[in-house]
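The structure appears right after this line, and notes come after that.
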Amino acid sequence: MDKIRELSQYSDETSHNQLTRWVIAKEDHASNIQKIISEYFLTQRIKETNQKYIEQTTILQRALVTAMKCKQNLEKDNVNKGLNLIKSFSEVYFDSHGLKHLEKLED
């Protein structure tokens, strides 16, 4: 987001081309997040019989909207909100073993 803001200050062709690539990458990442949430978690993994169904689907719906907002503007608050939502979902979705595995992946 910072790089997009920085590059938007320049009017040369190289900066304009790079700016376009950064915007496309930002939107692609947000679209991938939406696709994974929709096509994997909401349609395959989250079951109505799950006791945490409402909590999980609510967090994921909020993450979908936040990803959409990341596509639409350059507000860092949306990125931070999205990261917090993913963390919240992980804590509700995974058991303690799964969370430990995720922590190892982050190292």
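Per-structure values
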| quantity | calculated |
| --- | --- |
| Pair list, Cβ under 9 Å, 6 or more apart: the range 84-104 residue within 18 Å of I36 (Cα to Cα), other residue surrounded by 13 or more Cβ atoms within 10 Å (Cβ to Cβ) and of a type in the set (S, T, Y) | L85/T66; L102/S90 |
| Tally of residues being closer than 23 Å to E103 by Cβ and either touching a Ser or Thr at 6+ places or on another chain (Cβ under 6 Å) or of a type in the set (D, E) (or both) across the range 60-84 | 2 |
| Out of I59, I86, I54, sole residue that is among the β-branched types (V, I, T) and within 10 Å of the chain's Cα centre (by Cα) | I86 |
| Residues of the range 53-78 satisfying the condition of being buried (at least 18 other Cβ atoms within 10 Å of the Cβ) and of a type in the set (V, I, T) | I59, T66 |
| Residue satisfying all of: in the range 1-36; without any contact (Cβ under 8 Å) to a residue 40 or more places away in the chain and not in a helix (DSSP H, G or I); nearest to the chain's Cα centre (by Cα) among these | S8 |
| Filter pass, E106 being out of contact with any Asp or Glu (no Cβ under 8 Å at 6 or more places or on another chain) and exposed (fewer than 11 other Cβ atoms within 10 Å of the Cβ) | yes |
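Here, each number is a calculation from the coordinates, and none is a lab measurement. It should be emphasised that the depicted structure is a prediction, and the values quoted were computed from it without experimental measurement. Neighbour counts run over all protein chains shown; Cβ positions are idealised from the backbone, glycine included.
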